[in-house]
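Participant: Okay, handing you the structure first.
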Amino acid sequence: LPLDAAGAGCPLPPVPMQGGALPPEEELKATVLQLRETVLQQKETIGSQREAIRELTGKLSRCEGADGKSAAGAWKNEVGKGKDTMGDLPRDPAQVIDQLSRTMQTLKDRLESLEQQLRANVSYAALPSDLREMLQRRLGDLERQLLSKVAELEDEKSLLHNETSAHRQKTETALNALLERVSELEKGNSAFKSPDEFKVSLPLRTNYLYGKIKKTLPELYAFTVCLWLRSSASPGIGTPFSYAVPGQANEIVLIEWGNNPIELLINDKVAQLPLFISDGKWHHICITWTTRDGMWEAFQDGEKLGTGENLAPWHPIKPGGVLILGQEQDTVGGRFDATQAFVGEMSQFNIWDRVLRAEDIMNIANCSINMPGNIIPWVDNNVDVFGGATKWPVETCEERLLDL
């Protein structure tokens, strides 16, 4: 026992004095007895504290399995190192638990602080070397992809430019060809300005000069015939056109013969028309007819000069005949009479299968509209000429202005 044990933690109980001071031997015996009792009491206290420590150690082990092994394991190692040295541990179990809790909280706070600092202050230089290499590889891949895409775009741009150049060259070639064609047409290299801008000339009164329409007529219950005429022949201009069918040579005929007025024949029935066209100038003539009551109309230069009825009423025009320009047919397609031949020029011979309105006829005569016939249109490849009759390019409306 240390010399100061009695003063530090083992106070001596007062010894009753009986009649004076005890002898030294008795005092020593009494002191030794008291010390033994103190030692026994301390042994019991140490034993109870060891039991408490073992119980706490078991509880902490169970806490390790549930809450985390690393921190408790570290604390357990520290306990194991000094489990026989009571001076390294708090004597109060509550203090041990409190200290462990504070240690774990401190570690948690340090981890959170490190994470925040990493997020706030991380830089490329501070990254680990393997992470820097990975970032370099990714950046290299992205750069190569970008360069590849730029190269593809450049190739597409080049192809587009080449295609545009080729398309522009083709367009320019086509335009040049069109310009050359227009120039040729303007120089008059073609036979006619257009398929309908021509005239048929019949200069002599013979039985062999004539024109023939290639197409024939269908069965008609109404019609309109329009044409331009210029003639100064006398007596009478002759027969501008005739349509003959088997069994009826005079199915439709327009004729001015001798000193007679112009006549319209349908199925060999006759109507006289108040037209006057033998002055050597261009005139526009239109004749309409319908089988209903045999009604007819006659127009000259756009104006209606005459009308009538009972001209072959309820007689349909027969199909499949021959249409001749400049001659009157005594048989289908032949047996012409020179005294009935037309002398002069004609153009724009058109036939419709209906009665045209008066305003349409006026517009055609004024050259304000172009209305080809829906049954017989005036086109070059539909007209043949024979016996010296000729076809010439002409613009009838322009020549008509010269006649005024």
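Participant: Could you please give the count of residues in segment 340-357 that are outside any strand (DSSP E or B), in contact with a strand residue (DSSP E or B) (Cβ under 8 Å, 6 or more places away or on another chain) and either closer than 17 Å to Pro240 by Cβ or open to solvent by 50 Å² or more (accessible area, probe 1.4 Å) (or both)?
Facilitator: 6
Participant: Answer yes or no as to whether Leu254 is within 24 Å of Met371 (Cα to Cα), more than 60 Å from the chain's Cα centre (by Cα) and of a type outside the set (S, T, N, Q).
Facilitator: Criteria not met by Leu254.
Participant: Shifting gears a bit: Against the condition at pLDDT 70 or above and hydroxyl-bearing (Ser, Thr, Tyr), how does Ser48 come out, does it pass?
Facilitator: yes
Participant: If you don't mind, another one. Name, by its number, the condition in (1) assigned to a loop (DSSP other than H, G, I, E, B); (2) surrounded by 15 or more Cβ atoms within 10 Å (Cβ to Cβ) that does not hold for Ile364.
Facilitator: Condition not satisfied by Ile364: (1).
Participant: From Ile375, Ile369, which residue is open to solvent by 10 Å² or more (accessible area, probe 1.4 Å) and modelled with pLDDT under 90?
Facilitator: Just a single option satisfies the conditions, and that option is Ile369.
Participant: Quick check: anything in segment 200-211 aromatic (Phe, Trp, Tyr), open to solvent by less than 20 Å² (accessible area, probe 1.4 Å) and in the same structural domain as Ala338 (by the TED database)? Please lay out each step first, then the result.
Facilitator: At the first step, the residues of segment 200-211 found to be aromatic (Phe, Trp, Tyr) are 208, 210.
If we keep only those that are open to solvent by less than 20 Å² (accessible area, probe 1.4 Å) as well, we get none.
No: zero hits.
Participant: A further question on this structure: Can you tell me which condition Thr216 does not meet? The list is (1) under 14 Å from Leu323 (Cβ atoms); (2) at pLDDT 95 or above, and all the others hold.
Facilitator: All conditions pass for Thr216, except number (2).
Participant: Within segment 242-320, which strands (runs of 3 or more DSSP E) (wholly inside it) include 3 or more residues that are crowded, with 16+ Cβ neighbours inside 10 Å?
Facilitator: Hits in segment 242-320: 248-256, 263-266, 283-290, 295-300.
Participant: Is it the case, given these coordinates, that Gly333 is among the small types (Gly, Ala, Ser) and at positive phi?
Facilitator: Yes: the conditions hold for Gly333.
The values are calculated or read from the model by the stated rules, or taken from the named source; none is laboratory data. None of these values were measured; they are calculated from a predicted model. Cβ sites come from the backbone with ideal geometry, for glycine too, and all protein chains shown count toward neighbours. Side chains are part of the model used for accessible areas, which takes the heavy atoms of the whole protein and leaves out ligands, DNA and RNA. Shrake-Rupley method; radii C 1.70, N 1.55, O 1.52, S 1.80 Å.
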